[in-house]
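Okay, so here's the structure we're looking at.
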Amino acid sequence: MSVIYHNRAYQSSEVDAIVQKDDGTWAAFEVKLGFGAIEEASETLLDFAKIIDTDKSLAPMSLNIIVGSGFAHHRNDGINVIPLSCLKN
């Protein structure tokens, strides 16, 4: 079973969703409908990942941006870009 959270950290870092599995592993997601917002979302996710205290929590398994259209790809900075069409059954 997975749990979905919204997160706003004390340093005003915010991500749209955190999906955590029962074993404690988790991934962070930003949702952007405009393809041009990927760079901003990437910076947000990378900044968020930097403030995670890995003495208290596992590091994220992945950082992800969900976009309205386009193609799925793995960026050089390690972030996955996932169009909505990849999420359908």
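Odds and ends about this structure:
- Across segment 64-69, coupling constants 3J(HN,Hα) worked out from phi with the 6.51/-1.76/1.60 Karplus curve, θ = phi - 60°, read 9, 10, 9, 10, x, 7 Hz, and Gly and Pro carry x.
- Stretch gain in nm, segment CYS86-HIS73, where the contour uses 0.36 nm per residue and the Cα spacing is subtracted: 3.6 nm
- Using a simple spin-label model with pseudo-atoms 7 Å out from Cα toward Cβ, ASP47 and SER62 lie 2.4 nm apart.
- Relative packing of 16-28, 48-60, which averages over residues the other C-beta atoms within 10 Å, highest first: 16-28, 48-60
- Karplus-derived 3J(HN,Hα) values for segment 50-59, using 6.51 cos²θ - 1.76 cosθ + 1.60 with θ = phi - 60°, are 5, 8, 6, 7, 6, 7, 10, 8, 5, 5 Hz; glycine and proline are entered as x.
- Under 5 Å from the amide H of VAL31 lie the amide H atoms of ASP16, ILE66, each residue being 5 or more positions distant or on a separate chain, with H modelled from the backbone and absent for Pro and chain starts.
- Under 5 Å, built H, 5+ apart or other chain: amide partners of GLY70: none
- Whichever lysines have a C-alpha closer than 21 Å to that of LYS56, once near sequence neighbours (fewer than 8 apart) are set aside: LYS21
Rule-based calculations on the coordinates, nothing more; no lab input. Here the structure is a predicted model, which is why all the values come from computation and not from measurement. Here the Cβ is made from the backbone with ideal geometry for all residues, glycine too, and neighbour counts use every protein chain on show.
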